[in-house]
1. Anything in region 145-178 that is in contact with a helix residue (DSSP H, G or I) (Cβ under 7 Å, 6 or more places away or on another chain) and of a type in the set (D, E, K, R)? List them, or say none.
2. Would you confirm whether or not region 133-156 contains a residue that is in contact (Cβ under 8 Å) with a residue 24 or more places away in the chain, part of a helix (DSSP H, G or I) and more than 30 Å from K84 (Cα to Cα)?
3. Any residue at all in region 32-42 that's free of Cβ contacts under 8 Å to residues at least 60 places away in the same chain, over 23 Å from K258 (Cβ atoms), over 16 Å from the mean Cα position of the chain (by Cα) and surrounded by 19 or more Cβ atoms within 10 Å (Cβ to Cβ)?
4. Restricting attention to region 145-202, and to residues there that are over 23 Å from the mean Cα position of the chain (by Cα) and among the hydrophobic types (A, V, I, L, M, F, W, C), which single residue is most open to solvent (accessible area, probe 1.4 Å)?
5. Among all residue pairs at least 6 apart or on different chains, which show Cβ distances below 7 Å where the first residue, located in region 184-203, is over 16 Å from I154 (Cα atoms) and the second is modelled with pLDDT of 95 or more and of a type in the set (S, T, Y)?
6. Which of (1) in contact with a Gly (Cβ under 7 Å, 6 or more places away or on another chain); (2) open to solvent by less than 30 Å² (accessible area, probe 1.4 Å); (3) of a type in the set (S, T, N, Q) is the odd one out, the single condition N79 does not satisfy?
7. State the number of residues belonging to region 255-271 that are touching a Lys or Arg at 6+ places or on another chain (Cβ under 9 Å) and in a loop (DSSP other than H, G, I, E, B).
8. Can you tell me which residue in region 226-259 is farthest from V337 (Cα to Cα), limited to those that are out of contact with any Leu (no Cβ under 8 Å at 6 or more places or on another chain), open to solvent by 10 Å² or more (accessible area, probe 1.4 Å) and among the polar types (S, T, N, Q)?
Amino acid sequence: MAFPEIQLFHIELSNACNFKCEFCPITVTRRHPQSMPLPVFRKIIDQLAGNRLASQVLLHVLGEPLLYADILDAVRYANNHGLKVTITTNGSLLNADMIKGLSDCGLYSMDISLQLLGNDHHALRHTGVGFDEYFRNIVNSVRLIQETTNIRLIVKVMNTTYKRLFSFDKPPRFEQQGQEFRRLLLQLIMDLYGATGTVIAMEEVEARLKKTNLDSAIRIRLAERLFVFVQLFMDWGNAFCGTKVYPARIGSCSFAFKEPSVLSDGSVVMCCADYDGETKLGHINDGPLLSILTSEKAQYFRDGFEKYSLRHPRCQRCLGSTSRLMAIGKGLGSIFVSRFMKLQGENVMVLR
């Protein structure tokens with residue numbers, strides 16, 4: 001049976017979060033907050049490393065990983081087993097001690113989900129802290145990470161230009177697109193350069209951005225270990241649409257099986273965007289992880305993707321829409337995207 005080609009393996013240490021962002025399915029998930037026992041995490045790492053299933057792990061699906069009580073032990077254990085470890089964090093819990101601890105434990109990379117810029121947009125993340133204070137902490141954390149560690153750092157900011165293609169019960173109350181997004185991105189880059197002591201003319205950055213398609217997923221390199229990632233808005237598979245969704249029957253996926261996950265309750269799911277465990281292939285305690293990922297059940301769905309056939313009801317809903325025509329269009333579009341577009345930020349613009 002074909003071996004799954006895993007690009008990045010996701011492990012959800014906890015689905016609890018101190019933010020309640022309106023663009024995140026944590027606001028609609030049916031799962032209760034819980035944390036993964038450390039022995040379960042170690043079991044997953046043992047199997048990933050022992051069977052060479054993956055070389056990189058991302059400690060995130062939902063939730064804020066820095067809330068996990070054993071975060072440093074988890075990073076250290078995975079690193080000691082030869083895996084490159086990335087965490088995705090909203091950055092609010094970063095401080096000098098946490099940054100030093102993560103560095104000492106061998107953290108390879110950190111994604112900071114800054115996402116929305118400005119007071120009004122930030123209020124929609126329901127954080128309990130104002131944007132100015134939050135942003136100052138992010139900028140200071142970037143400075144510390146750059147000055148005192150070898151951690152690769154990616155600051156993520158959202159472009160909402162494609163949100164019109166999705167279906168919502170209530171349209172999102174924020175927009176970051178067009179010239180305003182370009183202006184915000186320019187200012188963010190200048191703030192990060194200022195924090196790291198890099199002298200660069202704003203006119204130079206502005207000229208480079210004008211030549212760049214910012215309506216695509218793109219990683220902008222500011223320094224050797226510092227990037228800004230333009231993340232395209234996503235609806236998490238119609239997570240925010242409670243009305244009737246017509247299923248897509250044809251389509252493809254850039255994430256299914258390429259980025260599988262183990263959720264905090266131990267469920268093994270085939271897609272990192274499956275926030276409620278609906279594509280569950282098994283449980284980590286059912287047997288070897290390799291057997292779960294190469295089971296007949298898993299192979300059935302993988303074969304479907306290879307034939308551009310969406311066999312799982314969750315996948316059909318994910319690419320479905322509130323009209324049959326849109327469902328067909330999204331399915332066809334997903335084939336084009338998976339074959340020709342790069343959604344993970346392999347598109348890189350180099351500033352420095």
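The values are calculated or read from the model by the stated rules, or taken from the named source; none is laboratory data. Note that the structure is a prediction, hence the values are computed from the model and not measured. Reconstructed Cβ throughout: ideal geometry from the backbone, glycine too, with neighbour counts over all protein chains shown. Accessible surface areas use protein heavy atoms only, side chains included; no ligands, DNA or RNA. Shrake-Rupley method; radii C 1.70, N 1.55, O 1.52, S 1.80 Å.
1. Passing the criteria: only R173.
2. Looking through region 133-156, none of the residues is in contact (Cβ under 8 Å) with a residue 24 or more places away in the chain, part of a helix (DSSP H, G or I) and more than 30 Å from K84 (Cα to Cα).
3. Filtering region 32-42 down to residues free of Cβ contacts under 8 Å to residues at least 60 places away in the same chain leaves 32-33, 37-39, 41-42.
Keeping just the survivors that are over 23 Å from K258 (Cβ atoms) gives 32-33, 37-39, 42.
Filter once more, keeping what is over 16 Å from the mean Cα position of the chain (by Cα): 32-33, 37-39, 42.
From the residues that got through so far, the ones that are surrounded by 19 or more Cβ atoms within 10 Å (Cβ to Cβ) too are none.
No, the conditions are met nowhere in region 32-42.
4. V199
5. The qualifying pairs are I200/Y193.
6. Tallying (1) in contact with a Gly (Cβ under 7 Å, 6 or more places away or on another chain); (2) open to solvent by less than 30 Å² (accessible area, probe 1.4 Å); (3) of a type in the set (S, T, N, Q), N79 fails exactly one: (2).
7. Final tally of qualifying residues: 7.
8. T243
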